[in-house]
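Have a look at the structure below, then the notes.
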Amino acid sequence: MTTESPLNTALVQLRGTVDKLGLSENDWQTLSTPRRVLQVAVPLRRDNGDVEMYDGYRVQYSTTRGPSKGGVRYHPDVDLDETISLAMLMTWKCALTNLPYGGAKGGIAVDPSKLSARENERLTRRYTSEILPIIGPERDIPAPDVGTDERNMAWMMDTYSVNAGFSVPSVVTGKPIVLGGSLGRTSATGDGVAIATREALRARGIDINGATVAIQGFGKVGYWTAVALENMGMKVVAVSDVNGAVTGFSSVADLWSYFLANGNLDIPGSDRLTNQELLHLDVDVLIPAALADAITGATAPGIKAKIVVEGANGPTSPLGDAILQDKGVLVVPDILANSGGVIVSYFEWVQDKQNYFWSADEVRENLSSIMMRALHEVEAVSNTKSVTWRDAALMIGVGRVAEAHHLRGLYP
Ligand code: NAD
């Protein structure tokens, strides 16, 4: 386990946690093995009549604490190993936040920007129909991730419902509001990242007002994080997307309006940076909110931020993590920092099952209370056991899953 890859990162973290918790080799075998792995061929008829095949996946890493739950990713680099690693992270995340779920992840190795809307719909419906036997409100509940959004969730919900013969909104979360989505779900991950950032600044004794932040990734997580941080009084000084970074803009709102109108971040008056330059800015907080392995042995040495808040899943490799620790950087780990998304997905599932919908304030208050409880638990374990916040978060999450395994026992 020496190379830097998402699955390697997740397994190295799990091994360290199993050792710190003093769990047995039997526990390691159980915890390091995905429960159910499905690979499917997804044929797509392109608009020009050609048929192409895509590889699709759904991994249910754990169902020990409840139905499995996790996003669906459309990206050319999606493969089985990455999907397993993300499903594993979801398992620890749901346990850390004490949601009654296991962990799952799915995806298709496809570049959605190369699909028309109709092609995307056909691909999504066929993928849903291929994984249909193993998903459902009591089994496994998909949600959006990189490259998918509420449109995809609407098509998934419709495909599942047509097959069931009645409407089943609770089969996916992150749906449009009119189909049973929850208020506050769109911004939930970013809202949670902002809460985690605020608490990390407090823990480090840095004033929130005017604290400077750089964000890698300006998608669903990066954008809503930036909005929430500005609302809290922090200063977002740079953001990036796949084409590079930008600094010197007056506000996130201005930059977003420009991006929507022009499709790029080159707002007049701003300066371009490379993605690497963004990572190395002299800021209080760095938030990787794009893809895995942004902070590695190669990029970590140049990082000057005092705090790293992991908006993305698995953005820091074990070597990158060790370098940040040597530098005394406080890292708020992914399973804690970006848990706002699955927390409000849980609220959406609860609302769908009860056919009773909450106000935006209720969603916000309940999100804050679950995040604050998890943040306090992690900080307390970190202080009492003298471990990093990542170690503490994993110890709580993995420890709960291991305890659930022990209590349920082994069938037969
Ligand atoms: P998204 O597709 O909406 O946005 C991804 C962003 O990253 C885009 O701005 C893209 O241009 C940018 N990007 C891609 N490659 C990049 C690179 N090399 N350098 C800089 N920017 C790059 O995806 P998202 O939903 O915002 O997810 C981002 C991360 O957050 C992923 O790791 C995802 O698993 C994680 N996450 C998402 C959610 C959620 O609710 N969407 C919840 C928890 C965690």
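Numbers at a glance
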item: Residue identified as part of a helix (DSSP H, G or I) and under 15 Å from Asn338 (Cα atoms) among Trp155, Trp256, Trp224; result: Trp224
item: Top-ranked residue in region 149-173 [being over 16 Å from Arg58 (Cα atoms) and aromatic (Phe, Trp, Tyr); ranked as nearest to the ligand (Cβ to nearest atom)]; result: Trp155
item: Some residue of region 42-55 being touching a helix residue (DSSP H, G or I) at 6+ places or on another chain (Cβ under 9 Å) and among the small types (Gly, Ala, Ser); result: no
item: Criterion: closer than 30 Å to Ile307 by Cα, β-branched (Val, Ile, Thr), within 16 Å of the ligand (Cβ to nearest atom) and in contact with a His (Cβ under 9 Å, 6 or more places away or on another chain) - qualifying residue of Val221, Val146, Val239, Val227; result: Val146
item: Within region 58-96, tally of residues that are surrounded by 24 or more Cβ atoms within 10 Å (Cβ to Cβ) and among the β-branched types (Val, Ile, Thr); result: 5
item: Matching residues, region 158-183, being in a loop (DSSP other than H, G, I, E, B) and touching a strand residue (DSSP E or B) at 6+ places or on another chain (Cβ under 7 Å); result: Val172, Thr173, Gly174
item: Residue within region 30-37 that is out of contact with any helix residue (DSSP H, G or I) (no Cβ under 8 Å at 6 or more places or on another chain) and either open to solvent by 20 Å² or more (accessible area, probe 1.4 Å) or at positive phi (or both) present; result: yes
item: Strands (runs of 3 or more DSSP E) (entirely within region 261-324) containing at least 2 residues that are at pLDDT 95 or above, within 11 Å of the ligand (Cβ to nearest atom) and open to solvent by less than 10 Å² (accessible area, probe 1.4 Å); result: 285-288
item: Which numbered condition Val237 fails, given (1) part of a helix (DSSP H, G or I); (2) out of contact with any helix residue (DSSP H, G or I) (no Cβ under 9 Å at 6 or more places or on another chain); result: (1)
item: Of residues in region 325-360 being among the hydroxyl-bearing types (Ser, Thr, Tyr) and open to solvent by 10 Å² or more (accessible area, probe 1.4 Å), the one farthest from the ligand (Cβ to nearest atom); result: Tyr356
item: Close pairs from region 83-107: first under 17 Å from Leu336 (Cβ atoms) and of a type in the set (Lys, Arg), partner open to solvent by less than 10 Å² (accessible area, probe 1.4 Å) and not in a helix (DSSP H, G or I), Cβ under 6 Å, at least 6 apart; result: Lys93/Ser339
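Results for (1) of a type in the set (Asp, Glu); (2) outside any helix (DSSP H, G or I), shown as yes or no for each residue.
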site	(1), (2)
Asn8	no, no
Gln29	no, no
Asn48	no, yes
Asp77	yes, yes
Lys93	no, no
Val110	no, yes
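The values are calculated or read from the model by the stated rules, or taken from the named source; none is laboratory data. Everything numeric here is computed off the predicted structure, so don't read it as measured data. Cβ sites come from the backbone with ideal geometry, for glycine too, and all protein chains shown count toward neighbours. Accessible surface is based on the protein model in full, side chains and every heavy atom, while ligands, DNA and RNA are left aside. Shrake-Rupley method; radii C 1.70, N 1.55, O 1.52, S 1.80 Å.
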